[in-house]
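Novice: Just dropping this structure here.
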Amino acid sequence: MRTYLTLFTLSFIISLLITPVVRRKAIAWGAIAIPDNGRHIHLQPTPRLGGMAIYLAFVATLLCVPFLGNLVSESFRANIPKLTALLLPATLILCFGIYDDFRGATAPVKLVFQAIASVMVYFSGLRIDNLSSPFGGTWELPIILSFPLTALWIILITNAFNLIDGIDGLAAGASVFALLSILVFSVAQGNIEISLISIVLVGAVIGFLRYNFNPATIFLGDSGSLFLGFMAAALSLSGSQKGSTIIAIAIPLVSFGLPLTEAGVSLVRRFLSGQSVFSGDRGHIHHKLLQRGLTQRQAVILLYAICALFSLFGLMLLNPERDIGALIFFILGVVIIFGVQHLRYAEFSELGSQIKREVVRRRRSLAVNVRVRRTSDYLSDAKTPDQFFAALDEMLATNEFNCATLELNVNSTIFASFLTHFPDYPTIIDSRKVIWVWEDGQTDPEELISSDRCWTLRLPLTDEHGKTLGSLTFYRCLSDGTPSIDINNLCGNLHRELSAALARLTSTEAIR
């Protein structure tokens, strides 16, 4: 523990001393973030390349480790090839980030370099190659699954930390909490080299935060946010090498909660708003907090507290009882949903409204179409005109239509006789046909039928021999919008049962 404290202090001091030098060089070289009216919120031109300061302090401290002359230095010397295999892709990411700070790079190019670095990490031995459940059982993953999972994890975490680098000190501070979680986890596992790298990196980042906290005099830049995200992703994979369990992935998954939530929310809301998922904007969580009236310092401190909470929950998974893991994920899920809802994103508010409207519409559609199917069943059992009209009346009472007319051939004397005894139904009987009219009580049928402000659906009714028995016509106002009823149900089974019931009730045997 004394050795770790020594390395932390050394890294912190070197970072504290070297950052002003890098800041002056960034200004001299022109690596400066200029304020604009886009997604940047700083008001003064500010140098970037903060990642270079952290990297230099990190590497300079590591170079001192072999001279400590203790167990940590011996373990370090023994694992130099493994550590070199990790630092090479990390250096690649840093160099690409420096290029991005000077020239800018497109999202596809970033993904290409991150994929190359992921390949290097995979073949260094840090990978997701097996998963084991706390309930017992281990699954060895073939390379066709192991490599994509490893690459996806590294690319996701790297970009997640890059996304939250929007206000002073946020990405650097979030990486501190993430690295502290990895440190505690690696110490618990007895993984000396990962613990050593984590503590040195924490010291370098905290030393840099002296200049990066609001008001910042130097930014991380893509060189810093990509480097820190990549290191957090790669170091977190060390847990799957010792005690290979699903918990080893769950701990960093929870500990990186804020960056991952930011990444997930950003991708979903950009997709919902029709933007490119790679486009920048001012809709990040920290931007929403600033819009709610918080200062940069207040927003960062609040988000630090959230990062600390995520890290605490992550470390609770070190030795969980069987049900604790599920409970932790449930609690965090509720907290994330509540938090995102509280930020009042327009995309999620509209999505929620549409889901509510769709649920209501679906529920009504279900109820309406169930009644249509019931009507078909009732018609198949109808033995009298009373039962026939009762079935129709129940279906039409759903208010999907403003009125309906049933036209019957004049030889349908049984229906004509029936209708004359029931004045509740508007009925017209002439020499040619019997017309039964149903209305909703709010619309004048004659006015609606004669107007051009409604659409109609006419079902011709015939017997099994093709003889015309009449027709049933539905009327609905155009201003009432799309009906909930399924037209296929009307034109399918209901149509068949109507025709069959009419044929049965108007037959000579039925009349007799």
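The values are calculated or read from the model by the stated rules, or taken from the named source; none is laboratory data. Remember, it's a predicted structure, so these values are computed and weren't measured experimentally. Backbone-built Cβ (ideal geometry, glycine too); neighbour counts: all protein chains shown.
Novice: Only residues that are of a type in the set (V, I, T), part of a helix (DSSP H, G or I) and touching a residue at least 40 places away in the same chain (Cβ under 8 Å): list them for the stretch 39-84, please.
Specialist: I54, T61, V65, V72
Novice: Need the failing condition index for R344 against (1) assigned to a loop (DSSP other than H, G, I, E, B); (2) in contact with a helix residue (DSSP H, G or I) (Cβ under 6 Å, 6 or more places away or on another chain), just the number.
Specialist: (2)
Novice: Here's another thing I want to ask about it. May I ask you to list pairs of residues, at least six apart or on different chains, whose Cβ atoms are under 8 Å apart, with the first in the stretch 201-215 being in the same structural domain as F177 (by TED's automatic domain parsing) and touching a residue at least 40 places away in the same chain (Cβ under 8 Å) and the second being outside any helix (DSSP H, G or I) and among the small types (G, A, S)?
Specialist: From the stretch 201-215, the pairs are L209/G169; N212/G169; F213/G169; N214/G169.
Novice: Have a look at S181, S238 and point out the one that is assigned to a helix (DSSP H, G or I), closer than 20 Å to L87 by Cβ and modelled with pLDDT under 95.
Specialist: S238
Novice: Quick check on F329: is it in the same structural domain as L156 (by TED's automatic domain parsing), without any contact (Cβ under 8 Å) to a residue 12 or more places away in the chain and either among the hydrophobic types (A, V, I, L, M, F, W, C) or part of a helix (DSSP H, G or I) (or both)?
Specialist: Numbers: in the same structural domain as L156 (by TED's automatic domain parsing): yes; without any contact (Cβ under 8 Å) to a residue 12 or more places away in the chain: no; either among the hydrophobic types (A, V, I, L, M, F, W, C) or part of a helix (DSSP H, G or I) (or both): yes.
Against the criterion (in the same structural domain as L156 (by TED's automatic domain parsing), without any contact (Cβ under 8 Å) to a residue 12 or more places away in the chain and either among the hydrophobic types (A, V, I, L, M, F, W, C) or part of a helix (DSSP H, G or I) (or both)), F329 does not qualify.
Novice: Then there's this: Could you please let me know if L17 is over 17 Å from I98 (Cα atoms), of a type outside the set (S, T, N, Q) and modelled with pLDDT of 95 or more? So that I can check it myself, show each step before the final result.
Specialist: Details: over 17 Å from I98 (Cα atoms): yes; of a type outside the set (S, T, N, Q): yes; modelled with pLDDT of 95 or more: yes.
It is true that L17 is over 17 Å from I98 (Cα atoms), of a type outside the set (S, T, N, Q) and modelled with pLDDT of 95 or more.
Novice: Determine whether V121 is in the same structural domain as L149 (by TED's automatic domain parsing), farther than 25 Å from T9 by Cα and exposed (fewer than 14 other Cβ atoms within 10 Å of the Cβ).
Specialist: no
Yes/no matrix, rows are residues, columns are (1) at pLDDT 90 or above; (2) in contact with a strand residue (DSSP E or B) (Cβ under 8 Å, 6 or more places away or on another chain):
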| residue | (1), (2) |
| --- | --- |
| T3 | no, no |
| S11 | yes, no |
| R23 | yes, yes |
| Q44 | no, no |
| I54 | yes, no |
| L68 | no, no |
| S73 | no, no |
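Residues are listed down the side, and each one gets a yes or a no for (1) of a type in the set (A, V, I, L, M); (2) at pLDDT below 75:
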{"position": "H342", "(1), (2)": "no, no"}
{"position": "S349", "(1), (2)": "no, no"}
{"position": "R361", "(1), (2)": "no, no"}
{"position": "S376", "(1), (2)": "no, no"}
{"position": "V410", "(1), (2)": "yes, yes"}
{"position": "T413", "(1), (2)": "no, yes"}
{"position": "D424", "(1), (2)": "no, yes"}
{"position": "S431", "(1), (2)": "no, yes"}
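Novice: If you don't mind, another one. I'd like to know if the stretch 299-312 contains one or more residues that are loosely packed, with under 14 Cβ neighbours inside 10 Å and more than 24 Å from G229 (Cα to Cα).
Specialist: no
Novice: Can you tell me how many residues in the stretch 482-502 are exposed (fewer than 14 other Cβ atoms within 10 Å of the Cβ) and more than 19 Å from D463 (Cα to Cα)?
Specialist: The number of residues fulfilling the criteria is 3.
Novice: What are the residues in the stretch 461-482 that are touching a Ser or Thr at 6+ places or on another chain (Cβ under 9 Å) and more than 15 Å from L498 (Cβ to Cβ), if any?
Specialist: The answer is Y475, R476, C477.
Novice: Please verify whether the stretch 248-255 includes one or more residues that are out of contact with any Asp or Glu (no Cβ under 9 Å at 6 or more places or on another chain) and at pLDDT 85 or above. Talk me through it step by step, then tell me what you get.
Specialist: Here is the first cut: in the stretch 248-255, the residues out of contact with any Asp or Glu (no Cβ under 9 Å at 6 or more places or on another chain) are 248-255.
Restricting the remaining residues to those that are at pLDDT 85 or above gives 254-255.
For the stretch 248-255, residues out of contact with any Asp or Glu (no Cβ under 9 Å at 6 or more places or on another chain) and at pLDDT 85 or above: present.
Novice: Condition first: in a loop (DSSP other than H, G, I, E, B), surrounded by 18 or more Cβ atoms within 10 Å (Cβ to Cβ) and modelled with pLDDT of 80 or more. Now tell me which residues in the stretch 256-298 satisfy that.
Specialist: Matches in the stretch 256-298: F256, H284.
Novice: Given the conditions (1) under 30 Å from S507 (Cβ atoms); (2) in a helix (DSSP H, G or I), report the number of the one that V334 does not fulfil.
Specialist: Here V334 meets the rest and fails (1).
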